[in-house]
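Here the structure is laid out as structure tokens; the discussion comes afterwards.
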Amino acid sequence: MKKIEAVIRVEKLDAVKAVLDTLDCPGLMLTRIEGHGKQKGLVQQFRGREYKVDLLPKYKLEVIVVDAMAKPIAEAIMEAARTGAVGDGKIFIYPVEEVCRIRTGECGEGAI
Ligand SMILES: Nc1ncnc2c1ncn2[C@@H]1O[C@H](COP(=O)(O)OP(=O)(O)O)[C@@H](O)[C@H]1O
Ligand SMILES: [Mg+2]
């Protein structure tokens, strides 16, 4: 089992959710976050002055899937979330040791 953690643009959420719906995605978690990547935020202009915004709002989307689904889901998220400009976000993939459904007590892939 794998966890796909995708940090995406706020305005790309609907497109990413739509593509996940077509892929039999078993569930998702969504968190509003602030962060920066290599550019360390951006410089904005306001009333002729420049000021630096170092933490930008993004969404963090987490999906736990069976191993075979990790690649197709990560690729679909990448396509749906891409604009080609800096700040498009990143995808991190982690191994997941165990999943348990609290309601039934069942654990393993069947609990995903
Ligand atoms: N190395 C990292 N560690 C943790 N979070 C990261 C990392 N790189 C990017 N992020 C998260 O992804 C968001 C978008 O990153 P992005 O600007 O697209 O990355 P980069 O500038 O490195 O290409 C950031 O706001 C941050 O929340
Ligand atoms: Mg960046």
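The values are calculated or read from the model by the stated rules, or taken from the named source; none is laboratory data. The shown structure was predicted, so the numbers you read here are calculated from the model rather than taken from an experiment. In this analysis, Cβ positions are derived from the backbone assuming ideal geometry, glycine residues included, and neighbour counts consider all displayed protein chains.
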**Message:** Among the residues of region 63-80, what is the count of those that are assigned to a strand (DSSP E or B) and under 12 Å from A6 (Cα atoms)?
**Reply:** 2
**Message:** Under 7 Å between Cβ atoms, which residue pairs at least 6 apart in sequence (or on different chains) link something in region 86-105 that is on the phi > 0 side of the Ramachandran plot with a partner that is assigned to a loop (DSSP other than H, G, I, E, B)?
**Reply:** G87/R9; G89/R9
**Item:** Residue ID - farthest from L28 (Cα to Cα), chosen from residues in region 38-67 that are among the acidic types (D, E) and within 14 Å of ligand 1 (Cβ to nearest atom)
**Value:** D54
**Complete:** Every listed condition ((1) among the basic types (K, R); (2) more than 16 Å from M1 (Cβ to Cβ); (3) surrounded by 11 or more Cβ atoms within 10 Å (Cβ to Cβ); (4) more than 13 Å from the chain's Cα centre (by Cα)) holds for R101 save (2)
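Yes/no per residue for (1) surrounded by 13 or more Cβ atoms within 10 Å (Cβ to Cβ); (2) over 28 Å from G108 (Cα atoms); (3) more than 14 Å from ligand 2 (Cβ to nearest atom):
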site	(1), (2), (3)
I4	yes, no, yes
D14	no, yes, yes
G41	yes, yes, no
F46	no, yes, yes
E50	no, yes, yes
A80	yes, yes, yes
G87	yes, yes, no
K90	yes, no, no
**Asked** In region 95-112, what residues are of a type in the set (D, E) and either within 11 Å of ligand 1 (Cβ to nearest atom) or part of a loop (DSSP other than H, G, I, E, B) (or both)?
**Response** E97, E98, E106
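Condition first: outside any strand (DSSP E or B) and either in contact with a Ser or Thr (Cβ under 7 Å, 6 or more places away or on another chain) or among the hydroxyl-bearing types (S, T, Y) (or both). Can you find one or more residues in region 87-94 that meet it?
no
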**Asked** So which residues in region 22-37 are at pLDDT 90 or above, more than 16 Å from ligand 1 (Cβ to nearest atom) and surrounded by 10 or more Cβ atoms within 10 Å (Cβ to Cβ), if there are any at all?
**Response** L23, C25, P26, G27, L28
**Prompt:** Of all strands (runs of 3 or more DSSP E) completely enclosed by region 17-62, which ones contain at least 2 residues that are in contact (Cβ under 8 Å) with a residue 12 or more places away in the chain and under 22 Å from M78 (Cβ atoms)?
**Reply:** 29-35
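Here's the yes/no breakdown for (1) more than 18 Å from I112 (Cα to Cα); (2) under 14 Å from the mean Cα position of the chain (by Cα):
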position	(1), (2)
M1	no, no
K12	yes, yes
L23	no, no
G35	yes, yes
V43	yes, no
G48	yes, no
